[in-house]
Amino acid sequence: MTRTTDRTQPTDSTKTAHPELLIRLAAPRGFCAGVDRAIQIVEKALQKFGAPVYVRHEIVHNRFVVEDLEKKGAVFVAELEQIPAEHADRPVVFSAHGVPKSVPADAKEREMFVLDATCPLVTKVHREAENHDKADREIVLIGHAGHPEVVGTMGQLPEGKVTLIESADDVATLEPRDPDKLAYITQTTLSVDDTAEIIAALQARFPHVTSPAKEDICYATTNRQTAVKEMAQGCDFVLVVGAPNSSNSNRLVEVAVRAGAKGSMLVQRAADIPWDKLEHARTVGVTAGASAPEVLVNEVIDALSERFKTSIELVKTADERVAFNIPRALRDDATTAA
Ligand code: SF4
């Protein structure tokens, strides 16, 4: 479920002395179904089981969301061992990015009550990796080293079973055991265009490489990039609301520039807006990564409206109606106790 509020009507500032600015607002933008579900899981766990609810890693890559949940009683930890022994019976939530297999195994050993907020579209990639391994295919993962989703996906299989590549150049260095028994999977939040190049290089070198039955780059990543491509054309600058560690948000900045924006930047909040770069701007694009709440988009638009006489043009390229169920233990009719 997206929580976008589309503002298609012009919103004129009363400060007529201010220069005019057209804001091109991309849609879809902001929260995706996986992020929405992950936040719901923490909130419902707090409502149902009370505080504290432990969360391993940032539930989604956004400080605003994390701090809001902290205020409600969520406690974020880097590893399960940081949860005090006397709180071992408290719920512990795994983030939307997914976790290596060793993490649920560790939680089981510690008899913890786990609520898994891994996005179902990340879980789909995990299952693909397992299936390729069962079929004795060597696996290449296209992704960014160190990203939690990549750590989680590589951790579905024993070390050495998945080879990470980050660029088309990396394809040249691959030395598979059997080039006819090779498969690739990808991180869900990559640049659609960059990934297509890497896949083309893989298929050129290994014509029998097995592809995912359905794209691993998720619908939300694809839709946000498509909307930015359309919106960024003719923009003097594009502001992407999102966190520096958010992969899909960073990709939107790159896509905006490639699509024709004269400049683009990630902003976490209105305070980050680079006013010097907007001094002569007449058209500014605004979008948000999949982990950025709409309240921050509105904050950015309000800040622009303080300095400019603004009007808003919605650039909508898709409707999203995707929603994922929360775990049974959190549903209103569930009887499971912590
Ligand atoms: Fe799931 Fe895609 Fe959202 Fe990641 S960006 S949480 S894979 S829907």
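Read the figures in this text as sums done on the coordinates, not as results from a lab. Keep in mind the model is a prediction, meaning the values are calculated, not measured. Neighbour counts run over all protein chains shown; Cβ positions are idealised from the backbone, glycine included.
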Stretched fully, the stretch from D272 through D332 gains (0.36 nm per residue minus C-alpha distance, one decimal, in nm) 17.6 nm
F49 neighbourhood, Cβ < 12 Å, K/R = +1, D/E = -1, net charge +1
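When only C-alpha pairs under 8 Å and at least 6 residues apart count, what is the relative contact order of the range 62-187, in percent? Could you put the intermediate results ahead of the total?
Values: 153 pairs, mean separation 31.2, N = 126.
Normalised by residue count, the contact order of the range 62-187 is 25 percent.
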Listed by chain and number, the lysines with an alpha carbon less than 23 angstrom from that of K262, same-chain partners under 8 positions apart left out, are K229, K277, K309, K316
Burial-style ranking of 136-142, 59-65, average other-beta-carbon count within 10 Å with highest first, yields 59-65, 136-142
Along the range 84-97, Karplus-curve 3J(HN,Hα) (6.51, -1.76, 1.60; θ = phi - 60°) to the nearest Hz, with x for Gly and Pro, reads x, 4, 5, 10, 5, 8, 6, x, 10, 9, 8, 5, 4, 6
Filtered hits (lysines, Cα-Cα < 27 Å from K134, offset >= 8 within chain) -> K101, K108, K124, K161, K181, K214
Distance in nm between V192 and A204 label points, each 7 Å along Cα→Cβ, equals 2.2 nm
Long-range amide H partners of S291, meaning residues 5 or more apart or on another chain whose placed amide H is closer than 5 Å, are none
Total charge of the residues flanking V99 in space, meaning their Cβ is under 9 Å from its Cβ, with Lys and Arg +1 and Asp and Glu -1, is +1
Mean separation of Cα contacts under 8 Å (at least 6 apart) over the residue count of the range 154-295, i.e. the relative contact order in percent, is 22 percent
Square roots of five times the C-alpha gyration tensor eigenvalues of the chain, ordered largest first and given in whole Å, equal 36, 29, 15
Under 5 Å from the placed amide H of V286, counting only residues 5+ away or on other chains, we find R24, L25, A26, L239
Contact order relative to length for the chain, counting C-alpha pairs under 8 Å separated by 6 or more residues, stands in percent at 28 percent
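Counting each DSSP H run of 4 or more residues in the chain as -39500 (n - 2.57), what helix-only mean residue ellipticity at 222 nm follows after dividing by all residues, to the nearest 500 deg cm²/dmol?
-10500 deg cm²/dmol
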So the FRET efficiency between A51 and A105, C-beta based with R0 = 25 Å and rounded to 0.05, is 0.40
As straight-line cross-link partners of K72, the qualifying lysines (C-alpha separation under 20 Å, not fewer than 8 residues apart within one chain) are K44, K48
Output ordering of 38-46, 182-190 (per-residue mean of other Cβ within 10 Å, highest first) is 182-190, 38-46
